[in-house]
Amino acid sequence: MPARHHRDRDRILLPLLPEFIGTGPLTSEQETRLGLLALDWLIREHLPAWLDLSPSLQSHAAAVRALAPIESMESATAAGPVVRAALDAARAAALDAARAAALDAARAAARAALRPTRDRLIESATVRLRAMCALAREMRIREDPMPTLSEIADVLFGRSPIEAATDAILESEKNRLHSGIGRP
């Protein structure tokens, strides 16, 4: 057990040591009664406190808290179905959370792995679009009929996976090139 846990345990239990003086020996019946008190706390306080941490499990927490006090083996047995349902729901929620976390991690890893390729393609598209703009300016100077940047991009790129990036760059360059300048 890590040292921090020992410190926490000692901080909680050492002040209680005087309370233990004079508590034993106990009969079997007395031990059973104390065990039921501990079980009651575990079921009706400890378990719902953890269930409350997940909004999807709060109804189970309320159902567990609403159980009759655990004072006998019969009341413990009667609480069993409600406790099992809460635990089953908690396991399912934990599994769902683990799946979601694994999926998020896989997506993040895929994005990270693909980022260099995406960045290279964006850079390549930017270089190509700048060349297209230079060509368009040159064509304009020579007074050749000038295709629109969109037409050039469609010929060069078609509808590629980087369409959104190229469209944004195209629009920016188009606005910059044509601001205040009419077509011949």
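The values are calculated or read from the model by the stated rules, or taken from the named source; none is laboratory data. Fair warning: this is a prediction, and the values are worked out from it, not measured in the lab. When we count neighbours, we look across all protein chains shown, and the Cβ atoms used for this are built from the backbone with ideal geometry, even at glycine.
Tabulated data for the structure shown
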item	result
Scope the range 27-44; condition closer than 30 Å to ALA93 by Cα and out of contact with any helix residue (DSSP H, G or I) (no Cβ under 8 Å at 6 or more places or on another chain); matching residues	GLY35, LEU37, ALA38, ASP40, TRP41, LEU42
Residue that is farthest from ALA90 (Cα to Cα) [pool: residues in the range 15-26 that are part of a helix (DSSP H, G or I) and either in contact with a helix residue (DSSP H, G or I) (Cβ under 9 Å, 6 or more places away or on another chain) or at pLDDT below 85 (or both)]	PRO18
Check on SER59, among the polar types (S, T, N, Q), free of Cβ contacts under 8 Å to residues at least 60 places away in the same chain, more than 30 Å from SER28 (Cβ to Cβ) and out of contact with any Ser or Thr (no Cβ under 6 Å at 6 or more places or on another chain)	yes
Search result, residues across the range 20-46 that are under 30 Å from ALA97 (Cα atoms) and touching a residue at least 40 places away in the same chain (Cβ under 8 Å)	ILE43
Test result for ILE43, out of contact with any Gly (no Cβ under 8 Å at 6 or more places or on another chain) and farther than 23 Å from ALA76 by Cβ	no
Qualifying position, being in contact (Cβ under 8 Å) with a residue 12 or more places away in the chain and of a type outside the set (S, T, N, Q), among ARG84, ARG65	ARG65
